[in-house]
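Colleague: I'd like to ask you about the structure that follows.
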């Protein structure tokens, strides 16, 4: 680097996930180097206790409910029905048949986590060209009269961002920590994001984030203990003035 370049300011642009988070943090930590930052989907306030654990689920619920009250009710009622079917003889086989899963199910938790992801991504990737909330709810509400709750929700899954797209079955996402995943390593070391599922104020089944359980899982998979407060200590987050307009993060 030549001497004339040392003092040149930088403007950073990033529009997806972890990289946009890094863009924001670089602006906060090194404002003398990064003078402005444009970041999309940068969840820099989802650490420690800055944002309510179920904040993402509340926003997602509001979007679905705004589009269709009946769609919202179908999703909200589906969790208990899924648990009911799981408890009966051959319940897992019934769930696999209803949702056309490509592989067998070991528990309804696998299906619930996948449906959670479907609804969250429908909102995250919703845009005027690919209106995923519209597509999911239209499929749910458009089922024949008399269709049961799980049949309606399964129609929504088929039409979703993660739907089978005309294929023979639905692939159910894997949510277990993977010791070969760089992102899982970061989640277990410095980027502990305490996202909790649902509650009475959302359409999701309540499942709060449990740091103790998360820590035990990280120790079992990676042999490491998470540092949930490291990120905000290193880059900031609790200091409210950092996020005023003059800070230069869009």
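The values are calculated or read from the model by the stated rules, or taken from the named source; none is laboratory data. In this text, all values refer to a predicted model and were calculated from it rather than measured experimentally. Because the Cβ atoms are built from the backbone with ideal geometry, glycine has one as well, and the counts that use them run over all protein chains shown.
Colleague: Just one of (1) in the same structural domain as residue 80 (by TED's automatic domain parsing); (2) buried (at least 17 other Cβ atoms within 10 Å of the Cβ) trips up residue 141, so point out which.
Modeller: Here residue 141 clears every test but (2).
Colleague: Counting just the residues of the stretch 114-125 that are surrounded by fewer than 18 Cβ atoms within 10 Å (Cβ to Cβ) and in contact (Cβ under 8 Å) with a residue 40 or more places away in the chain, which one comes out nearest to residue 83 (Cα to Cα)? Write out each step before concluding.
Modeller: Step one: list which residues in the stretch 114-125 are surrounded by fewer than 18 Cβ atoms within 10 Å (Cβ to Cβ), which gives 117, 121, 124-125.
Imposing the further condition that a residue be in contact (Cβ under 8 Å) with a residue 40 or more places away in the chain reduces the set to 117, 121, 124.
Working: 117: 18, 121: 23, 124: 27 Å.
Going through the qualifying residues, I end up with 117.
Colleague: Are any residues in the stretch 190-216 assigned to a helix (DSSP H, G or I) and buried (at least 16 other Cβ atoms within 10 Å of the Cβ), and if so, which ones?
Modeller: Matches in the stretch 190-216: 214, 215.
Colleague: If residue 206 meets every condition in (1) modelled with pLDDT under 80; (2) touching a strand residue (DSSP E or B) at 6+ places or on another chain (Cβ under 7 Å) apart from one, which number is that one?
Modeller: So the condition that residue 206 fails would be (1).
Colleague: Okay, next question. Going through the stretch 64-112 one residue at a time, which ones are in contact with a strand residue (DSSP E or B) (Cβ under 9 Å, 6 or more places away or on another chain), crowded, with 18+ Cβ neighbours inside 10 Å, under 22 Å from residue 144 (Cα atoms) and touching a residue at least 60 places away in the same chain (Cβ under 8 Å)?
Modeller: Correct list: 99, 101.
Colleague: Sort out which residues of the stretch 1-42 are more than 26 Å from residue 183 (Cα to Cα), modelled with pLDDT under 80 and not in a loop (DSSP other than H, G, I, E, B), and write them in order of number.
Modeller: 3, 4, 5, 6
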